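Chemist: Could you have a look at this structure, given as structure tokens, before my questions?
Each value in this text was obtained by applying a stated rule to the coordinates, not by laboratory testing. Being a predicted model, the structure only gives us computed values, none of them experimental. Glycine gets a Cβ as well: all are built from the backbone with ideal geometry, and neighbour counts include every protein chain shown.
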Amino acid sequence: MSATSARRILAVVTLLALLVLSACTAGPALHVRRIATDQPALSASPTAPSTPPSPTTKPAPGSLDWYVSQVPTFPEAPPPQPVPLPATGVAQFWHRLPTDQKVAFITIDDGGLARPPEVADFIWRAHIPVTMFLNSPAAEEHDVYFRQIVVAGGVVENHTITHTSLAGRSYDRQRHEICGAADKLEALFGKRPTLFRPPFGEHDATTLRAAHDCGAKAVFHWTETVHEGKVRYQTPEKVVQPGDVLLMHFRPALMDDLLAALKAIHRAGLTPALLEDYVR
Ligand SMILES: [Zn+2]
């Protein structure tokens, strides 16, 4: 995953900037202990620091160290070749990114239901590239949590304000949901979303126009869902294909879902990559 090296350096710089900022403001501070690529660098809970594994003891199943130990070793990701985007006045819609490169993409949706505390540490330590399609009120209420994942290398994208189905709604209503969330997410995380996922995957031609007008380059459906540690294929191949987009949610079993997605990508001979490196 060499493509993420620069991003990780940027993340460290961002982290340092956040630390300075958090020391200067009355807002919630990030609880960060240290920065080292092979050690846990982030923690949502300052009272429960994770400890590095002893070389003589196996990590307890279900612990953060155990999850990290279960992550397969992937082939090096190829240098990303961004997919051309025609200037059509509407956002591209894709189930699967049209690429032959041996990569697949992990996406995590919503944000309001559950936020397992060790996810940021897991993403950081295992170098997992993730795209988060967030509802803006959940992002605002739990901004520290999602900011920790951004520092770990994740990218925040747009999933509307209210998680309502957009298909059949007026342009103004759809634009309000998409642009309203984009404005809030940009204010919270300092980057305007460039990707959009419609709630329930339900969209129409108006959605693609409104998404474009709100700054989205592409609208993504998905090719696999992952829930409670099980991958469900939505395509006939029943194996992860190059360019596939795996969908999971911020739910209680997210650690298991991330691990299941990584194992499925590895079984297919692919490497996880960051969607934003391919849609620019
Ligand atoms: Zn959703």
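Chemist: How big is region 88-277 by Rg and Dmax over its Cα atoms, in Å?
Modeler: Taking only Cα atoms of region 88-277, I get Rg and Dmax of 15.5, 44 Å.
Chemist: Treat the count of other C-beta atoms within 10 Å as a stand-in for reagent exposure and order Arg115, Arg173, Arg125 from fewest to most.
Modeler: Arg173, Arg115, Arg125
Chemist: Right, another one. For region 140-201, compute the orientation-averaged projected area of the C-alpha convex hull (one quarter of its surface), in nm².
Modeler: 4.3
Chemist: So which lysines can Lys191 reach, going by Cα to Cα under 30 Å and dropping same-chain residues fewer than 8 places off?
Modeler: Within reach: Lys102, Lys217.
Chemist: Hand me the GluC sites (Glu not before Pro) from region 177-280 located in a DSSP loop with no more than 16 other Cβ atoms within 10 Å, in residue order please.
Modeler: The qualifying sites are Glu202, Glu228, Glu237.
Chemist: OK, next. Near Lys184, which aspartates and glutamates are there with a Cα under 13 Å away, not counting those fewer than 8 places off in the same chain?
Modeler: Candidates past the 8-residue exclusion: Glu140, Glu141, Asp143, Glu157.
Chemist: Roughly how large, in nm² to one decimal, is the mean projection of the convex hull of the alpha-carbon atoms in region 182-280?
Modeler: Over all viewing directions, region 182-280 projects a mean Cα-hull area of 7.3 nm².
Chemist: Mind sorting Thr57, Thr160, Thr206 by how few other Cβ atoms lie within 10 Å of their own Cβ, fewest first?
Modeler: On the way: Thr57 8, Thr160 24, Thr206 19.
Exposure proxy ranking, most exposed first: Thr57, Thr206, Thr160.
Chemist: Can you pull the one-decimal nm distance between simple spin-label points at Val239 and Lys191, each 7 Å off the Cα toward Cβ?
Modeler: My value for the distance between the label points is 3.3 nm.
Chemist: Stretch Gln70-Glu228 to full length: gain in nm at 0.36 nm per residue minus the Cα-Cα span?
Modeler: Extra length available between Gln70 and Glu228 comes to 55.3 nm.
Chemist: Only counting other Cβ atoms within 10 Å, I'd like Val226, Val71 sorted with the fewest neighbours first.
Modeler: Ascending Cβ contact count within 10 Å gives the list Val71, Val226.
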